[in-house]
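Below: the structure, in structure tokens.
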Amino acid sequence: MASKRFGKPDAGPIQVRGEVLAVRRSGDYYVLVFAAPGVAEATAPGNFVAIAVGGQPTAMLLRRCFSIHRVDTAGALGGTVEIVVDAHGPGTKWLVERAVGDPIDVIAPLGRPFSLPKDPVPCVLVGGGYGSAPLFMLADRLRERGCRVDLVLGAATESRLFGVVDGRRRASSLTITTDDGSLGTKGRVTDVLDRLLDDHGGQVIYGCGPMGMLAGLAKVAQERGIVSQCAVEEAMACGVGVCMTCVLPVIGSDGVTRMTRSCTDGPVFFGDQVRWDSVGTVPSDCLGAPVSATGGAQR
Amino acid sequence: MSNVVDMRANLASVTLPSPVLTASGCAAAGRELDKFFDVTAIGAVVTKSIMVQPRSGRPTPRMAETPAGMLNSIGLQGPGIEEFISKDLRWLRERGARTVVSIAGGSVNEFAELANRLRHEEGIAALEVNISCPNVESRGQVFACDPRAASSVIHAVRRHTGAQTPIFAKLSPDVTDIADIAQACVSAGADGLSMINTTLGMVINTDTMRPALAGITGGLSGPAIRPMAVRCVWQVRKALPDVPILGMGGIANGLDALQFILAGANAVSVGTATFNDPSAPWRIHNELAAALADRGFRSLADAVGHAHREEGVNL
């Protein structure tokens, strides 16, 4: 269980050999519990892990990244970590097929976590599908600070929701939406957001889930003049800031839009920083954007 | 055992304490990886190719995983040479890392401008001239696909670079005869050759039934291209017995690195493997040292090109 850490003793992520403690089903998803020495203590809500898949040697080179669902620093094995896995591809399938006691190679905690409000203001937390994973830990931190926490979980259908039982216990209120109406309100999370904000005076919206949903949350927050913090889900190759794969257009404090890494500069961004309409493109006013189709910087 | 092997690597006028370097585009400018291993211990940090102006790179998706490899179309995103010098190069210098600066330009003049701008900067062990990035919109501007174009870039960079700084031309495998291009670069003043850059590939997403990458095509890297890379090193070493070669392409462990050394590389770069294991360069240094010791080599230099020996000749 050796860990590697160079540079400043308290700086950034560590690479550790973890050990699988449990894999259990939750709706359409799996919850993977593993021991990872040194990770739990250093984790804040919104941090993520990057896990190597396929064993050695493998044809799957890239780590899979998951937001951290829960940590327990009191575990007998020196701290445990839980993630939620949607086993839709060969890498994630390999991961949920691990047996108890199997080793996994883990890098964590990665990324910038959610920031917490200074004052005990009411907060609304919105999770789309298994994007809700980091919100329960966040809800705990917020309630410790005296914040009211209203939780919204949305998904296409009931089996794609994550954390309904947990949510009822840990939030002041839980609202559920499904696209097909199989549980809760039929519709999207944004359909119930205005009423919740009106009823409880929410000052911060926290969100994690698909880009479209996050764009919707950011818009509601902007219209109301309140803060939103969104954890984005961009495809990553390395998770540690060296590959430049997971970029999206983000407005910096200097007002300039840059293609910004979601792994090291995110995954949590303030909603008004992200150019939501331009995600998947390079806006023409982005730093270093192509001058024209035929010439200029992008030749 | 492994500590008895002299691991020093000679790349033209530069001697490095380790033959393992990072690969351009897979290590940013070293700072992120320094959290996982001591970047001053490896041969050198090879920085992501820098251009004159800031550059946004391509839209996303920029990456697709492939069998034992990956496709990328980053599009040379970077802060431009001035910010690179004031932030990245400065950090590397203060950290004490040996640095190979990779430069990329859209024209011969841009390469010359970059060389000129870097000429009086301290802490640069060598320049790697990226004439082979496949992620440019005009494939006609992949200089490394044409001996004359490659030659003019290298000539210009050589003219604007001090004699004490070796320049390495980074070659593309997407050519009919890589030894021809290698020869053209050396004749134009390259002190050494880096090979190989990624090879052009493509993936179709069968759900959307469109290209998986926003850039449509991308550069294929990882163990999938290793045999191609070893072949290129072999061919160029045979054609140019004395030219320093920095070998790369899918090196994931010490034995992979050893293949390149035996084929004729004087040192190696570790690229895509770093995405899987951020401490891969240092791990591979140690694995290579052990592999050399196991085979009775006293020094890395003795193993360079050893696969080319005549029948019956052994250690």
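What follows draws every value from the coordinates through simple rules; no lab data is involved. Keep in mind that what you see is a predicted model, and the values were worked out from it rather than measured. Heads up, the Cβs are rebuilt from the backbone with ideal geometry, glycines too, and the neighbour counts pull from every protein chain shown.
Ranked by how many other Cβ atoms sit within 10 Å of their own Cβ, fewest first, the residues B:SER279, B:SER86 fall in the order B:SER86, B:SER279. The charge dipole of the range A:123-235, taken about the Cα centre with unit charges on the Cβ atoms of Lys, Arg (+1) and Asp, Glu (-1), comes to about 300 debye, rounded to the nearest 20. For the range A:167-299, the alpha-carbon coordinates run over 54, 31, 26 Å along the three principal axes, in decreasing order. Sites count as exposed loop sites when they are GluC sites (Glu not before Pro), lie in a DSSP loop, and have at most 10 other Cβ atoms within 10 angstrom; the longest stretch of chain B without one is B:123-309.
For a straight C-alpha distance cut-off of 17 angstrom, the aspartates and glutamates reachable from A:LYS118 (same-chain residues fewer than eight places away being disregarded) are A:ASP140, A:GLU144. Which of rounded, prolate, oblate describes the range B:163-294, given a ≥ b ≥ c as roots of the alpha-carbon gyration tensor eigenvalues and a/c under 1.5 marking rounded, otherwise prolate only if a/b is larger than b/c? It comes out oblate by the Cα gyration axes. Take each residue of peptide B:30-38, count the partner chain Cβ atoms within 10 Å of its Cβ, and average: the result is 6. Partnerless cysteines in chain A, where a partner means another cysteine C-beta under 4.7 angstrom, comprise A:CYS65, A:CYS123, A:CYS147, A:CYS208, A:CYS230, A:CYS246, A:CYS263, A:CYS286. What separates the Cα centres of the range A:75-146 and the range B:134-210 is a distance of 44 Å. Placing +1 on the Cβ of every Lys and Arg and -1 on the Cβ of every Asp and Glu, with no other charges, gives the range A:3-128 a dipole of roughly 260 debye about its Cα centre. Note on chain B: with charges restricted to the Cβ of Lys and Arg (+1) and Asp and Glu (-1), its dipole about the Cα centre is near 280 debye.
Given axes a ≥ b ≥ c from the Cα gyration tensor, I'd like to know whether the range A:70-114 is rounded (a/c under 1.5), prolate (a/b larger than b/c) or oblate. Note, shape of the range A:70-114 comes out oblate. Taking other C-beta atoms within 10 angstrom as a stand-in for reagent exposure, B:ILE85, A:ILE83, A:ILE176 fall in the order B:ILE85, A:ILE176, A:ILE83, fewest first. Averaging the Cα positions of each part gives two centres, and for the range B:234-285 and the range B:100-129 these lie 23 Å apart. Counting neighbouring Cβ atoms within 10 Å and putting the fewest first, the residues A:ASP166, A:ASP180 line up as A:ASP180, A:ASP166.
Taking the charge dipole of the protein assembly as shown about its Cα centre, with +1 at Lys and Arg Cβ atoms and -1 at Asp and Glu Cβ atoms, the residue from A:PRO37, B:GLY218, B:ALA29 reaching farthest to the positive side is B:ALA29.
Which loop trypsin sites (Lys or Arg not before Pro) in the range A:194-237, with loop taken from DSSP, have no more than 13 other Cβ atoms within 10 angstrom of their Cβ?
Details: sites: A:ARG195, A:LYS219, A:ARG224; in loops: none.
Answer in residue order: no site qualifies.
Taking every DSSP bridge with both residues inside chain B, close to 40 percent are antiparallel. Checking the cross-link pairs A:LYS186/A:LYS219; B:LYS35/B:LYS170; A:LYS219/B:LYS48 against a 26 Å limit on the alpha carbon distance flags B:LYS35/B:LYS170; A:LYS219/B:LYS48 as lying beyond it. Just going by the charge dipole of the range B:71-154, with Lys and Arg at +1 and Asp and Glu at -1 on Cβ, which of B:VAL101, B:VAL142, B:SER152 is farthest out on the positive end? Projecting each Cα onto the dipole axis, the largest value belongs to B:VAL101.
Note that chain B, at 10 °C in a medium of 1.306 mPa s, gets a Stokes-Einstein diffusion coefficient of 82 µm²/s from its Kirkwood radius over C-alpha pairs. Shape class for the range A:37-77: oblate, because the ratio a/c of the largest to smallest gyration tensor axis (alpha-carbon atoms, square roots of eigenvalues) is 1.5 or more and b/c is at least a/b. Taken residue by residue and averaged, Cβ atoms of other chains lying within 10 Å of the Cβ of A:53-59 number 3.
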